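What follows is a short report on a single structure.
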Amino acid sequence: MDSTFSDRFIPSRNNMNVDYSHHTITQADIQKHHNAGQFETMLSPNTHASYTNTMNEQLCQDNYKILAFQTKAPAPKVGHTNSNKVLFTYSQGHSGVSKKTKQTTRHISQTAEKILDAPGLMDDYYLNVLDWSTNNVIAIGLEKDIFLLNATSGDIQQISPITSTDGYVSSVSWAADGNHLAVGTSDNEIQLWDVQACRKLRTMAGHTGRVSCLAWNDGIITSSGRDAAILNHDVSQRQHVISRFL
């Protein structure tokens, strides 16, 4: 026998006791309202006030509100220490917390403090012909000569490292002591000068193009130039080229 099933469940009134069902539903409503009435009776105005006072005594000492929006929080009792104080405060003398310092700004002048004439300054992006020493002396290469300006006293000294007809100064770099100057030339040389004695100490070769970049690291000079080679020179050794990068 085939049976047909549906997804809807329609009750059969013939198999239902309608009177008993009505009695059950209405009795549940009566019980619900009855329970609510008991609760309202239990929380009558007198009982409610007593209940509130009891909760205040247990939760809020001195009958203070838990949240206060118009007045400040009550002051703690004498000797009271909040165990969570470390979470939102810090000690000014604690080594792990730095004091907030006032941010300072540095004034940058919009006008030059001093303007120097530089006749013969070559217009070539790849040249490095200006350097400032630790002794406050500015070295600038102008064609064949180098001028040393003492920014403290204003004295000017001149040295002439170029002797060739078409040569020119292509780079300068001060040593850390401020007394020795390395000079790169268009003649593929590096010259070391003692500016105090105004005397050339030595000449170092190794490049096949002009030397347009110099950098000191203690007694080591790193140079580079148009030949795309990077050389490290140890000024304390006779064979000064100690490494080469092509």
* Tell me which residues, restricted to segment 116-152, are more than 16 Å from TRP174 (Cβ to Cβ) and open to solvent by 50 Å² or more (accessible area, probe 1.4 Å). => LEU116, ASP117, PRO119, LEU121, MET122, ASP123, TYR125, TYR126, GLU143, LYS144
* Can you tell me which residue among SER212, SER224 is touching a residue at least 40 places away in the same chain (Cβ under 8 Å) and closer than 25 Å to ILE140 by Cβ? => SER212
* Asked: Can you pull out the residues in segment 153-162 that are at pLDDT 90 or above, open to solvent by 60 Å² or more (accessible area, probe 1.4 Å) and either within 17 Å of SER236 (Cα to Cα) or outside any strand (DSSP E or B) (or both)?
  -> ASP155, SER160
* To do: Considering every residue within segment 233-244, establish whether at least one is polar (S, T, N, Q), assigned to a strand (DSSP E or B), open to solvent by 50 Å² or more (accessible area, probe 1.4 Å) and over 19 Å from ILE146 (Cα atoms).
  => no
* Kindly indicate whether THR165 is β-branched (Val, Ile, Thr), farther than 19 Å from LEU149 by Cα and not in a strand (DSSP E or B). => yes
* Residues in segment 172-206 that are assigned to a loop (DSSP other than H, G, I, E, B), farther than 18 Å from TRP132 by Cβ and out of contact with any Lys or Arg (no Cβ under 8 Å at 6 or more places or on another chain): how many? -> 4
* Structure fact -> Apart from one, (1) at pLDDT below 95; (2) within 19 Å of LEU121 (Cα to Cα); (3) under 36 Å from the mean Cα position of the chain (by Cα) all hold for ILE220; the odd one out is (2)
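The values are calculated or read from the model by the stated rules, or taken from the named source; none is laboratory data. Worth saying up front: this structure is predicted, and the values here are computed from it rather than measured. Virtual Cβ from ideal backbone geometry, glycine too; neighbours counted across all protein chains shown. Keep in mind that these areas ignore ligands, DNA and RNA; they rest on the heavy atoms of the full protein, side chains included. Shrake-Rupley method; radii C 1.70, N 1.55, O 1.52, S 1.80 Å.
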